[in-house]
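Taking it in order: structure first as structure tokens, then the write-up.
The values are calculated or read from the model by the stated rules, or taken from the named source; none is laboratory data. Just so you know, these numbers come straight off a predicted model, no measurement behind them. Cβ atoms come from the backbone with ideal geometry, glycine included; neighbour counts cover every protein chain shown.
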């Protein structure tokens, strides 16, 4: 009888641990989504970013700005790209000029969206925000 009670208690504790871990993971993902959404919206709305994208980053300032914002906001990466998906910025400089891997259709239609996607930096929660002309 004691073995059965111990097994049942052990199983209940294990279930509780799994439920707490799953809830914690959901909370962390929600916080990540909120954070990257705020950063993406802010960067997309910066006049200097808009102008640099319109000029195809002729002076190369986008990478510097992206890295500064990334460091200040503690996000893992900020990728700024043109409408065709060509990257102006990336934490790995070898990826600059390459094609963005991921969804862009909603942003091209003018809508900001967030997804979990596996790209060149592994699995990430990312928000893609359109940059509008003034």
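Please state which one of 70, 111 is under 17 Å from residue 129 (Cβ atoms), surrounded by 15 or more Cβ atoms within 10 Å (Cβ to Cβ) and either modelled with pLDDT under 90 or out of contact with any helix residue (DSSP H, G or I) (no Cβ under 8 Å at 6 or more places or on another chain) (or both).
70
Within segment 70-110, count every residue that is more than 18 Å from residue 53 (Cα to Cα) and not in a helix (DSSP H, G or I).
7
Please tell me if residue 28 is outside any strand (DSSP E or B) and either in contact with a helix residue (DSSP H, G or I) (Cβ under 7 Å, 6 or more places away or on another chain) or modelled with pLDDT of 90 or more (or both).
No, not satisfied.
What's the number of the condition residue 51 fails, among (1) free of Cβ contacts under 8 Å to residues at least 12 places away in the same chain; (2) more than 22 Å from residue 123 (Cα to Cα); (3) in a loop (DSSP other than H, G, I, E, B)?
If we test residue 51 against (1) free of Cβ contacts under 8 Å to residues at least 12 places away in the same chain; (2) more than 22 Å from residue 123 (Cα to Cα); (3) in a loop (DSSP other than H, G, I, E, B), just (3) comes out false.
Which one is nearest to residue 59 (Cα to Cα) among residues in segment 111-133 that are free of Cβ contacts under 8 Å to residues at least 40 places away in the same chain and in a loop (DSSP other than H, G, I, E, B)?
120
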